[in-house]
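One structure below.
The values are calculated or read from the model by the stated rules, or taken from the named source; none is laboratory data. Please read these numbers as outputs of a predicted model, since none were measured by experiment. Here the Cβ positions follow ideal geometry from the backbone for every residue, glycine too, while neighbour counts run over all protein chains shown. The accessibility values were calculated without ligands, DNA or RNA, using every heavy atom of the protein model including side chains. Shrake-Rupley method; radii C 1.70, N 1.55, O 1.52, S 1.80 Å.
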Amino acid sequence: MAERSTAAVDVADNSGDTPLTAKADQATTDGVTESIDTADTAEQSTNGTGGERKAAEPSIATPELHSGHKLARRYRLEECVTRLDGFSSWRAVDEKLRRAVGVHLLPADHARARSVLAAARSSALLGDPRFVQVLDAVEENDLVYVVHEWLPDATELTALLALGPLEAHDAYQMVTQVSQAMAAAHREGLAHLRLTPSAVLRTSTGQYRIRGLAVAAALRGITSDTPQRTDTEAIGALLYAVLTQRWPYESDAYGLHGLPKGVGLIAPDQVRAGVHRGLSELAMRALVNDGATASRQEPPCTTPDELVKAIGEMPRIKPPEPAFTAPPEYQRTTYQQGTYGRPTTGPGPSTPQAVVPPPPPLQGRTGKALKWAVSALLIAALGLGSWQLADALLQRDKGGSNETGNTRTTDSGDDGDKPKAPLPLTIQGAQEYAPDGSPQNAADVRNTYDGSASSFWRTKSFYDGPDLVPSVKAGVGIVYDLGSSKNISTASILLRYGGDHTTITLYATDSLTPSTGVKGMKKIATSQTSGKKIDLKASSPVASRYVLLWMTAMPEAAGDGYSDPGHKQGITDVKFTG
């Protein structure tokens, strides 16, 4: 089965540029105070393996554009955040889809214009949700511009480092996610070559996203003879920085102090007390210099795949336990405090409370008669209560029925025995799951839970079907974040296409980027349909914060502007209940 799709990025220039294949492992940059989306004033010197190169070119005037300028009658420029070396970067608004985007602009006759277009197209075709997605790459009106996602809820790693080092679990998550993402990119022939703290973003859900894949280096004319080693050393520098809040070179960079001059590379656990020993050694294995490493005995890591393997061999670092909050102090009652019948204290003079004496005992014949009457009533009440209790127990043994003569009635039970109504579960976030590194439509995942019937996420088309061939594509899926662990009982999913047939399975997993494959996850429910709606119900509720929707069969449908005719499916709406 072959996967096929028209380009996932709108391209107005079909000049036939070949995709940019990064040529080198990035040498770690030092002293650069900006990113693509953060104002920079100069390209400064680099430190590291020396594999990074920037071509010497004459200075080119940046196109004179202004806020309010509109590209393609769609992208309205809002704020210039970078103007450097003939290109500029802007925060803009996509008026068609009403969302913020980022835009890189440079003249069409710029020496790097063709390589920027090629890099943008290659990055867009990767479609990995761990990278900030390229949405458009266009040449028109003597301009070349690249449009990419803008993540308003994300925080640059530079901003996080300004607050201090990260905890061991956060550092572990950062290096794990970034290493896995870069390993996937290099398997597709793409390198970053400018992987700095300002290129790494952490979202509000704790996931790390990388911006500028291939494009950042192309904009600046950066190449490398050893791209895998370059990016691996850059990841090592990021890990070193988050562990120590120091940059692992002599020069200050990204708001961090460098190492003391003439001392050389010092292991993170020697720079700062309390650094996790395993992460310290991992950083040193990635920060290899000409084959030498300060790690105790372990060999250096020179590719992202080697780094991912080294992380996998480490014991997993768990998040810290939540701090225990003591319950409020137990308050004794007035009687337990021994103040019954005593003066109360408070603002103002204390006033003793008089103790009411008990009533005098009844006297005479009247008193005796009343005593006997009360006693008789008590005995009668006790007898009646005992009889009712015995009758109730007998009825329970008979299955809850009451018999009087030839009439038999059955208790219906109280409201407490009725099943509880299902509770809707709110989806806090989602991310496409593509263990083979080939996502379908990562930018539109939010359309599956935005509450709108007109928006949707869709797959590419496949020649064979309806069941996907595992050797080609095991399945396509989306991981949903419910915000905290919830009991998942049912799911209702609206589909774009009907036909023979769609198969969906729900799994409980550990994060938006699962650490195990589908076989290692707990199955919640599975179902199959030929219609446009599929309902799934668990045999018993399963507790999980993250839920994978995994589709392994899809019907045949006609071609559209996104993909050719073939077996494909779209998801319009997803709802979970617990």
Odd one out for VAL242, checked against (1) open to solvent by less than 10 Å² (accessible area, probe 1.4 Å); (2) modelled with pLDDT of 95 or more; (3) farther than 19 Å from ILE266 by Cα: (3)
Residue match in the range 535-545 (condition: closer than 12 Å to ILE493 by Cα, outside any strand (DSSP E or B), open to solvent by 20 Å² or more (accessible area, probe 1.4 Å) and in contact (Cβ under 8 Å) with a residue 24 or more places away in the chain): no
Counted residues, the range 516-534 - those being touching a His at 6+ places or on another chain (Cβ under 8 Å) and free of Cβ contacts under 8 Å to residues at least 12 places away in the same chain: 0
Filter result (of a type in the set (S, T, N, Q) and open to solvent by 10 Å² or more (accessible area, probe 1.4 Å)) within the range 221-234: THR223, THR226, GLN228
Considering residues of the range 427-460 that are open to solvent by less than 40 Å² (accessible area, probe 1.4 Å) and in a strand (DSSP E or B) only, the residue nearest to GLY561 (Cα to Cα): TRP457
Qualifying residue in the range 193-209 (condition: free of Cβ contacts under 8 Å to residues at least 60 places away in the same chain, over 30 Å from VAL476 (Cβ atoms) and aliphatic (A, V, I, L, M)): no
Any hit, the range 128-146, residues being over 30 Å from ASP109 (Cβ atoms), part of a helix (DSSP H, G or I) and basic (Lys, Arg): no
Qualifying position, being open to solvent by less than 40 Å² (accessible area, probe 1.4 Å) and at pLDDT below 95, among TYR480, TYR562, TYR463: TYR562
Residue count for the range 253-287, restricted to those that are surrounded by 15 or more Cβ atoms within 10 Å (Cβ to Cβ), over 22 Å from ARG316 (Cα atoms) and either more than 31 Å from the chain's Cα centre (by Cα) or free of Cβ contacts under 8 Å to residues at least 40 places away in the same chain (or both): 5
One residue from LEU193, LEU151 being of a type in the set (A, V, I, L, M, F, W, C), closer than 30 Å to ARG121 by Cβ and surrounded by fewer than 20 Cβ atoms within 10 Å (Cβ to Cβ): LEU151
Yes/no for PRO470 being closer than 24 Å to ARG545 by Cβ, open to solvent by 40 Å² or more (accessible area, probe 1.4 Å) and touching a strand residue (DSSP E or B) at 6+ places or on another chain (Cβ under 9 Å): no
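The rows are residues; the columns are (1) touching an Asp or Glu at 6+ places or on another chain (Cβ under 6 Å); (2) open to solvent by less than 10 Å² (accessible area, probe 1.4 Å); (3) not aliphatic (A, V, I, L, M).
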| residue | (1), (2), (3) |
| --- | --- |
| GLY212 | no, no, yes |
| VAL215 | no, yes, no |
| GLY236 | no, yes, yes |
| ARG246 | no, no, yes |
| ALA310 | no, yes, no |
| LYS318 | no, no, yes |
Single condition THR158 does not satisfy, out of (1) touching a helix residue (DSSP H, G or I) at 6+ places or on another chain (Cβ under 6 Å); (2) surrounded by 23 or more Cβ atoms within 10 Å (Cβ to Cβ): (2)
Residues located in the range 546-570, provided they are part of a strand (DSSP E or B) and more than 17 Å from THR426 (Cα to Cα): TRP550, MET551, THR552, ALA553, GLU556, ALA557, GLY566, HIS567, GLY570
Residue satisfying condition, being in contact with a helix residue (DSSP H, G or I) (Cβ under 9 Å, 6 or more places away or on another chain), part of a strand (DSSP E or B) and touching a residue at least 40 places away in the same chain (Cβ under 8 Å), within set THR513, THR505, THR490: THR505
Within the range 86-103, tally of residues that are closer than 15 Å to TYR145 by Cα and either open to solvent by 10 Å² or more (accessible area, probe 1.4 Å) or in contact with a Cys (Cβ under 9 Å, 6 or more places away or on another chain) (or both): 5
Hits in the range 196-207 - residues which are buried (at least 21 other Cβ atoms within 10 Å of the Cβ), within 12 Å of the chain's Cα centre (by Cα) and not charged (D, E, K, R): LEU201
Enumeration of residues in the range 107-126 that are open to solvent by 10 Å² or more (accessible area, probe 1.4 Å), among the aliphatic types (A, V, I, L, M) and more than 25 Å from GLN440 (Cα to Cα): ALA108, ALA111
Index of the failed condition, GLY262 passing every other in (1) over 27 Å from MET182 (Cα atoms); (2) at pLDDT below 55: (2)
Odd one out for PRO129 among (1) modelled with pLDDT under 95; (2) open to solvent by less than 10 Å² (accessible area, probe 1.4 Å); (3) in contact with a Pro (Cβ under 9 Å, 6 or more places away or on another chain): (2)
The range 78-99, residues that are more than 14 Å from ASP136 (Cβ to Cβ) and assigned to a strand (DSSP E or B): GLU78, GLU79, CYS80, VAL81, THR82, ARG83, LEU84, PHE87, SER88, SER89, ARG91
